[in-house]
Ligand SMILES: C[S@@+](CC[C@H](N)C(=O)[O-])C[C@H]1O[C@@H](n2cnc3c(N)ncnc32)[C@H](O)[C@@H]1O
């Protein structure tokens, strides 16, 4: 049996800290639950060594912690020339740093968990919602995974930040795209409902200013395959009234925004929003927790973890997509 060596990216330690290998094993097992895995080190490098067949190398290369997929021949390693094969340049996700930005690998991990547990309905593209989107790290990752994405963010400054970032990266990388701005509903509610949307070929991403408690009004779209969000940690981005308070007001609408068979993945600070409390909150609206977690200590006051919950599959609920008012559009290169 050929052993596959997964080189752990040095960036993964910045995402998962001392728990990096434990988190990496959990991510691998989300896709390949029966695989055997050991941790090996060679000098400063560390590897997960597994019996997953090489024909899964594209999926292996897409795991958040993986820098390279390798095989061994005697004393020598060779790199498997299998790219993760994402859309658009990496810098579209990594190119900007700002306070409160979610670590890009953690975001990728959350999307990977969503995809690992999703019950496909045959529809493409997959559609992702981030109801607390900040300046859009998850949304831009979704584009790279060939999904359409919508984000909601309460901080109106996020729109300009998102626009500035996309403008810079598309210029630097010469990425053809179309920008649209407009309002959901009437444009007399201040910034509430103001959005910016980008189209990259057939894919599109939209960031809307508004409250995560109202995703159905703010998205006006059919239910999503994935809801992926990094919740406020109660440090830099406290949700008004506390994270659990806000979540309990969001839970019903978020559950209805998820299509049957869809998956929600939330990153959260255990000290602010305990896992069991979140499970109860969404369980009351029909979502069921999956048996996976990935706790990692970030600081004295933050132990981050991921929670995966699914909406049981069945006949698909249909919500009518309503037209969006007040749009203007420009093609940019
Ligand atoms: C941890 S940050 C997410 C960062 C984001 N993933 C990124 O990389 O830019 C949590 C976000 O939730 C937003 N937020 C908090 N309460 C909200 C609410 N009620 N509605 C919408 N957004 C909210 C905060 O403003 C903050 O931007």
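Bear in mind that the values in this text are calculations on the coordinates, not laboratory data. All figures in this text were calculated on a predicted structure; none of them were measured in a lab. Reconstructed Cβ throughout: ideal geometry from the backbone, glycine too, with neighbour counts over all protein chains shown.
Among 137, 96, 71, rank each residue by its count of other Cβ atoms within 10 Å, from fewest to most, as a rough exposure measure. Present the calculation step by step, with values, prior to reporting the outcome.
Numbers: 137 26, 96 19, 71 15.
If I rank by nearby Cβ atoms, fewest first, I get 71, 96, 137.
Note the angle between two axes, namely the Cα long axis of helix 20-31 and the longest principal axis of the Cα atoms of the chain, as a number of degrees from 0 to 90, rounded to the nearest 10.
Relative to the chain, helix 20-31 is tipped by roughly 80 degrees.
Please report the base-10 log of the normalised intensity I(q)/I(0) for the range 75-159, using a Debye sum with one equal scatterer per alpha carbon and no solvent, at each q in 0.11, 0.20 (1/Å).
Calculated log10 I(q)/I(0) at the listed q: -0.36, -0.99.
For the range 91-332, what is the Kirkwood estimate of the hydrodynamic radius, computed as the reciprocal of the mean inverse distance between distinct Cα atoms, to one decimal in Å?
Details: mean 1/r = 0.0556 Å⁻¹.
Averaging 1/r across every pair of different Cα atoms and inverting gives 18.0 Å.
Starting with the highest mean, order 37-44, 286-293, 103-110 by the number of other Cβ atoms within 10 Å, averaged over the residues of each peptide.
Details: 37-44: 10.6, 286-293: 15.5, 103-110: 23.5.
Highest mean packing first, the order is 103-110, 286-293, 37-44.
Which semi-axis lengths, in whole Å and largest first, follow from the square roots of five times the eigenvalues of the Cα gyration tensor of the range 4-79? It would help to have the intermediate numbers written out before the result.
On the way: eigenvalues 61, 49, 23 Å².
Equivalent ellipsoid semi-axes, largest first: 17, 16, 11 Å.
With angles folded into 0 to 90 degrees, how steeply does helix 243-257 sit against the dominant principal axis of the chain? Use alpha carbons for both and round to 10.
80 degrees
Per the helix-only calculation at 222 nm, which mean residue ellipticity applies to the chain, given -39500 (n - 2.57) for every DSSP H run of n ≥ 4 and division by its residues, nearest 500 deg cm²/dmol?
Values: 10 runs with 95 residues, N = 333.
Counting only the DSSP helices, I get -8000 deg cm²/dmol.
Please work out the Cα center distance from the range 227-304 to the range 154-221, rounded to the nearest Å.
24 Å
Test of understanding: ordering 278, 175 by Cβ neighbours within 10 Å, fewest first, what list do you get?
The order, fewest Cβ neighbours first, is 175, 278.
How much length is gained if the chain between residue 275 and residue 56 is pulled fully straight, taking 0.36 nm per residue apart and subtracting their Cα-Cα distance, in nm to one decimal?
Values: separation 219, 0.36 × 219 = 78.84 nm, distance 3.18 nm.
Result for the pair: 75.7 nm of gain on full extension.
Which of 309, 264 has the fewest other C-beta atoms within 10 Å, and how do the rest follow up to the most? Before the final figure, lay out the partial values.
On the way: 309 25, 264 29.
Listing 309, 264 from fewest to most nearby Cβ atoms yields 309, 264.
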